[in-house]
Amino acid sequence: MIFSKDIAVTQFEGILPPLSDALVKKGYTELTPVQLDVSDPALAESDLLVSAQTGSGKTVAFGLAIAPTILGDALRFERADAPLTLIVAPTRELALQVRREFEWLYAETGARIASCVGGMDMRTERRELDQGAHIVVGTPGRLRDHIARKSLRMDQMRAIVLDEADEMLDLGFRDDLEFILGEAPEERRTLMFSATVPRQIADLARNFQKDAKRVATASEAKQHVDIDYQALVCAAPDRENAIINLLRFHEPETAIVFCGTRVTVNHLTARFTNRGFRVVALSGELSQAERSHALQAMRDGRAQVCVATDVAARGIDLPGLNLVVHADLPQNQEALLHRSGRTGRAGQKGISALIVPKNQRGKAERLLKWAKVTANWGTPPSASDVRAKDDERLIASFKTEEVVGEEAVVAALLEGNTPEQIASAYIAQYRSLRTSPEELREVGGVDAPTENRGFASSVWLSLNVGREQRAEPRWLIPLLCKAGGITKREIGAIKMVPNETYVELDATIADRFFAALGKDNILEEDVKATKLDKVPDVARSGHSGARPSFGDKPRGGPRPDRGPREERAPRSDSHRKPHDGANGYKGNKPEGKYEGKPAGKYEGKKPEGKYEGKPAGKYEGNKPEGKYEGKPAGKYEGKPAGKYAGKPAGKYAGNTDDKPRKPRAEGASGADFKPKFGGSADSGPKRGGPAGKPAGGPKKPGPPAGFDPKDTSQKLRHKATGKGKFAKPRKPVK
């Protein structure tokens, strides 16, 4: 069908003719809500803060929104001295996807589009910028590098678009975004597109936008109508087998399997490859070239399944993607919506299937509730389901058209085989080209969760056991079901009081329940049921109902519910230690227990004067006398004289208490020495040698006449050979 220009303009009213024609050629018959909202002529000169669901056509939307700003009344661009608009995207894949969308959208305007993304050759990008570009698309870090190197001019920017602004802040690009916006002219349009508008986005808009108009699509708070959410419950060990059966059952043109970690990505990639699927992997450890090759394989049809992490798959757009599988449950509702938004794009239908191990069902229910998504609960396709689906596809694909040029082969087949044999061979060949499905364990309790519900009509009964008899719903419910032949879904509210329990039953099964109990209404020993005529009022009994209000009561006065308080001593007296004997108090221990201890607690156990002076020769009896005689007496002579506070050079000469002290050498005055432990150098008896050194060893003579301890040239030393007992003074240096 050929569309004229007039038809296109009429069909997309308010859109510039070149862009309207491009939409028609691309097959658009109507615009999405977000595209219609941002194309409103009343917003043509305003800053915009737009929130819309992933996959709602935001790329085309901001392409239409900036067209009046950068084109004006013209239908084609003139040669550009500097870029007119800048598109900032969080990832390389999303930036390159935006460029591809703009190439067909602005094809008839003569626009030159350049990309500046990390991982690409910066010199090639610089050449594109030097040749003149009207529109520049890039990632925050690379754009900042080009601006800092003066290869990207910002002085003629008329519009700046931040695509997936919330993701860019999550990835830590806030500083780069503020730098880029700060380098742009003040008179510009700033458009922010985001799936959600958290506080950080609102702060950024307040700082860098002028009176921004808030645009929220009508379907923002509703579930995406083109995505079928499925929650498939399986046994925990069957998670991988469930994914295999799901892929075999749907046989999608392209599918993406989301995992939580790189390790899981690598494991599932190897597992699916071994089962015959054409698989590529996307994770953070891949280089840009490897990522590009993987995505190109998906677009070319060389790969069918992409196994990826959340971060690695942000912003990718795969054509014909009609199945999203959550191998690991998303961490939050935003991740669920972003993952699922890879499918159901541009009006196409898609499936978002959550693989829910039975032990994680509660987490999946909360996740769907927070995301305001209603899912169809069930189980993954079984092996028999997959085979039945294969048979349907086989019959649907069988062509009965007449085969031209193969008559001889057909005749040969019919001559040696019956039609049934030929059909069986065809079926076997068809199935051999597909991997076998997996057998899954059966799981129960996969019904969709229900809200607390009330029965249209109910009957109440009373049980003669309550809280004091340790009655609990966890054993009462199975007892009611077993004795009355009912299910737990037919049991409503349960109210417990100290000696009774009230149970609500669906009125439609009440007669059957009491008939099963018999005339005595006995559930088991000592547990009896009684039918009630009305709803029991338990608000004022037991612990049920609202807690009573105690109101505001005066503090410090008498309380009518208690007797008078005894007079008590002041608080300060109550904390006085009783050991001072106040009021005759002697403590809780026997009187005098602590009184008999002398001040010197340990004096009687050890000899007096143990630590006073340490008498010389303390260990003389323990070691044989003369043990150390072979050692030269001048062991410590190498130490400078006077180190031990005035003691003469013959300090270690043994015990000399019974002999007169040898006079000091002339000139060796004791005034220059200070005793180590106080007192005068000559006061008190002389101590002996070190502990353990036997008394009576060889005595060292005093220093020779004329020896000056301050003269280092006269320092006493041992001879180098070690011969001789006494060192001789060194000759003075002349």
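The values are calculated or read from the model by the stated rules, or taken from the named source; none is laboratory data. The model shown is predicted, which means the values in this text are computed figures rather than measured ones. Backbone-built Cβ (ideal geometry, glycine too); neighbour counts: all protein chains shown.
In table form, for the structure just shown:
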| quantity | calculated |
| --- | --- |
| Any hit, the stretch 357-367, residues being surrounded by 22 or more Cβ atoms within 10 Å (Cβ to Cβ) and either polar (S, T, N, Q) or outside any helix (DSSP H, G or I) (or both) | no |
| Unique match (being hydroxyl-bearing (Ser, Thr, Tyr), in contact (Cβ under 8 Å) with a residue 60 or more places away in the chain and over 30 Å from GLN348 (Cβ atoms)) among THR91, THR69, THR124 | THR69 |
| Residues being in a helix (DSSP H, G or I), within 37 Å of the chain's Cα centre (by Cα) and modelled with pLDDT under 90 - total across the stretch 370-402 | 1 |
| For ARG126: the one exception among (1) assigned to a helix (DSSP H, G or I); (2) of a type in the set (D, E, K, R); (3) within 28 Å of ALA52 (Cα to Cα) | (3) |
| Count of the stretch 417-447 residues which are modelled with pLDDT of 80 or more, among the aliphatic types (A, V, I, L, M) and within 43 Å of the chain's Cα centre (by Cα) | 3 |
| Residue among GLU103, GLU167, GLU125 that is touching a strand residue (DSSP E or B) at 6+ places or on another chain (Cβ under 9 Å), at pLDDT below 90, not assigned by TED's automatic domain parsing to the domain that holds GLN288 and not basic (Lys, Arg) | GLU167 |
| Unique residue being modelled with pLDDT under 85 and assigned by TED's automatic domain parsing to the domain that holds THR190 when the list is ALA80, ALA42 | ALA80 |
| Output for the stretch 109-120, where each listed residue is in contact with a Leu (Cβ under 8 Å, 6 or more places away or on another chain) and not small (Gly, Ala, Ser) | THR109, CYS116, VAL117 |
| Test: residue in the stretch 206-229 that is in a helix (DSSP H, G or I) and either among the acidic types (Asp, Glu) or assigned by TED's automatic domain parsing to the domain that holds LEU282 (or both) | no |
| Test for GLY172: is it within 26 Å of ARG199 (Cβ to Cβ) and part of a loop (DSSP other than H, G, I, E, B) | yes |
| Boolean, VAL24 is surrounded by fewer than 22 Cβ atoms within 10 Å (Cβ to Cβ), of a type outside the set (Lys, Arg) and not in a loop (DSSP other than H, G, I, E, B) | yes |
| Criterion violated by ARG174 - all others in (1) within 27 Å of the chain's Cα centre (by Cα); (2) surrounded by 17 or more Cβ atoms within 10 Å (Cβ to Cβ) satisfied | (2) |
| Boolean, ASP73 is more than 40 Å from the chain's Cα centre (by Cα), more than 18 Å from SER39 (Cα to Cα) and of a type in the set (Asp, Glu) | no |
| Residue match in the stretch 149-164 (condition: part of a helix (DSSP H, G or I) and either touching a Pro at 6+ places or on another chain (Cβ under 6 Å) or surrounded by fewer than 19 Cβ atoms within 10 Å (Cβ to Cβ) (or both)) | no |
| Subset tally (residues that are surrounded by 17 or more Cβ atoms within 10 Å (Cβ to Cβ), touching a helix residue (DSSP H, G or I) at 6+ places or on another chain (Cβ under 9 Å), of a type outside the set (Lys, Arg) and in a helix (DSSP H, G or I)) for the stretch 286-334 | 3 |
| Condition met for GLY119 (at pLDDT 90 or above, within 18 Å of SER287 (Cα to Cα) and either out of contact with any Gly (no Cβ under 6 Å at 6 or more places or on another chain) or of a type outside the set (Lys, Arg) (or both)) | no |
| Only one of VAL117, VAL98, VAL161 that is without any contact (Cβ under 8 Å) to a residue 60 or more places away in the chain, in the same structural domain as ASP37 (by TED's automatic domain parsing) and closer than 28 Å to LEU295 by Cα | VAL117 |
| Looking only at the stretch 190-218, and only at residues there that are of a type in the set (Ser, Thr, Tyr) and under 23 Å from ASN332 (Cα atoms), the one that is surrounded by the fewest Cβ atoms within 10 Å (Cβ to Cβ) | THR196 |
| Test: residue in the stretch 246-263 that is surrounded by 20 or more Cβ atoms within 10 Å (Cβ to Cβ), in contact with a Phe, Trp or Tyr (Cβ under 6 Å, 6 or more places away or on another chain) and within 15 Å of ALA353 (Cα to Cα) | no |
| Sole residue being under 18 Å from ILE70 (Cα atoms) and out of contact with any Lys or Arg (no Cβ under 8 Å at 6 or more places or on another chain), chosen from VAL215, VAL161 | VAL161 |
| Residue in the stretch 131-146 that is out of contact with any strand residue (DSSP E or B) (no Cβ under 6 Å at 6 or more places or on another chain), touching a residue at least 60 places away in the same chain (Cβ under 8 Å) and buried (at least 19 other Cβ atoms within 10 Å of the Cβ) present | yes |
| LEU143 being at negative phi, over 38 Å from the mean Cα position of the chain (by Cα) and part of a helix (DSSP H, G or I) | no |
